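Some notes on the structure that comes next.
Derivation of every value follows stated rules applied to the coordinates shown; laboratory data play no part. The structure displayed is predicted, hence computed values, not measured ones. In this analysis, Cβ positions are derived from the backbone assuming ideal geometry, glycine residues included, and neighbour counts consider all displayed protein chains.
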Amino acid sequence: MPTWLDAMNERSRMMDGLRVLAAHVIVLHHLSSYGPLAAALEQTWPWLSDVLYNYGRFATQIFFVMAGFLAAQGLSTPGAQPLGDRLVKRYLRLVPLFLLAILGVALVVAWLRPWIQQDWLTEPPTLWQWVSHALLIQDIVGQPSMTVGAWYVAIDFQLFVLLNVLAWGLWRLGARHDAMVVSAALLCLASQWYFNRDAQWDRWALYFFESYGLGVLLAWSMHGTEGARSARHWMLLCMLSAVIAALAFPRPRLLLSVLVCVLLWWGVQRWHPSERCSKWLHRHSELSYALFLTHFMPLVAANAVWIRWGGQTPAGGVALLVLTWWLCVVWSAMFHRAVQILMRAAWRH
């Protein structure tokens with residue numbers, strides 16, 4: 001039977017598939033939320049518009065569970081990498097691309113604003129907005145978001161910091177790995193029953209630890225060591241608790257987090273699609289972060305074109321919306337190749 005480390009050394013197609021699915025659902029959610037093209041979709045297929053608008057945003061739960069799963073892998077060996085190095089590495093992985101993407105959004109919006117006189121466009125950014133986004137504190141200090149999804153990047157980094165600081169503190173106190181498992185599980189339970197029920201906490205990591213923590217516990221339960229049994233028990237408890245909490249205080253996102261956890265538990269080692277499918281998933285999974293960051297630019301441009309041409313036919317608007325979805329993928333691939341690969345090479349050197 002493959003060990004936990006063997007599974008991690010071999011790329012998981014299940015994670016690739018979930019990452020691609022989540023990224024595209026988020027794109028479709030935003031396409032169905034902003035501008036006259038979204039209105040055209042609502043007129044043509046109101047049921048589809050309603051599903052994408054109201055439930056598409058839950059796809060971020062998939063990202064959070066997988067982010068917790070991957071973050072936990074680096075915390076299996078105490079002191080494997082200094083805390084500061086881990087935090088800086090994560091920041092550099094997220095933020096430079098994020099800042100380039102919001103710069104592109106700012107330029108596109110400034111260029112097309114005369115054509116789109118609608119309140120869903122972001123306002124011209126101030127210097128403090130730029131600084132707060134660079135520091136990933138824009139929501140904490142009450143600055144308007146410069147693009148859709150900016151909150152996710154900030155929360156992802158917060159969650160990573162929280163988990164790593166917690167692990168570092170416990171190691172410094174001489175605690176065993178079991179103490180980390182229990183601490184992560186208690187945070188997960190607290191998030192399910194308290195923090196995640198109060199929208200005032202949605203700018204902080206604790207609000208989303210209900211899904212992130214499941215991913216963390218899942219990774220540790222697959223560790224292949226003595227501590228894996230304890231992690232598995234706590235994970236099952238947190239999954240059961242999430243289902244009960246989701247039914248007691250209706251939150252479909254908790255049920256989705258449990259489903260993602262189950263899929264990863266079953267498929268991260270077992271699911272092996274065909275070689276052709278694997279290559280497709282690998283390629284599009286690599287583009288998922290770029291797609292998440294850059295899709296608002298084609299969205300704004302397509303709505304500007306529709307307004308400029310005086311589009312009136314809902315069916316035509318839906319056709320342009322589908323074309324925009326494809327353009328989002330093309331643009332993300334260009335962004336990935338021109339920027340992301342070059343920056344990764346620069347960090348390695």
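A simple packing score, the average count of other Cβ atoms within 10 Å per residue, orders the peptides 196-206, 273-283, 30-40 as 30-40, 196-206, 273-283, with the highest score first. From helices alone, the chain scores -24000 deg cm²/dmol at 222 nm; the rule is -39500 (n - 2.57) for each run of n ≥ 4 DSSP H residues, then divide by the residue total. In terms of other Cβ atoms within 10 Å, THR44, THR122 run from fewest to most in the order THR44, THR122.
For the chain, the longest principal axis of the alpha carbon atoms and the long axis of helix 35-44 meet at an angle near 90°. Computed from Cα atoms, the angle from the helix 296-308 axis to the main principal axis of the chain rounds to 20 degrees. Listed by Cβ neighbour count within 10 Å, with the fewest neighbours leading, LEU97, LEU217 appear as LEU97, LEU217.
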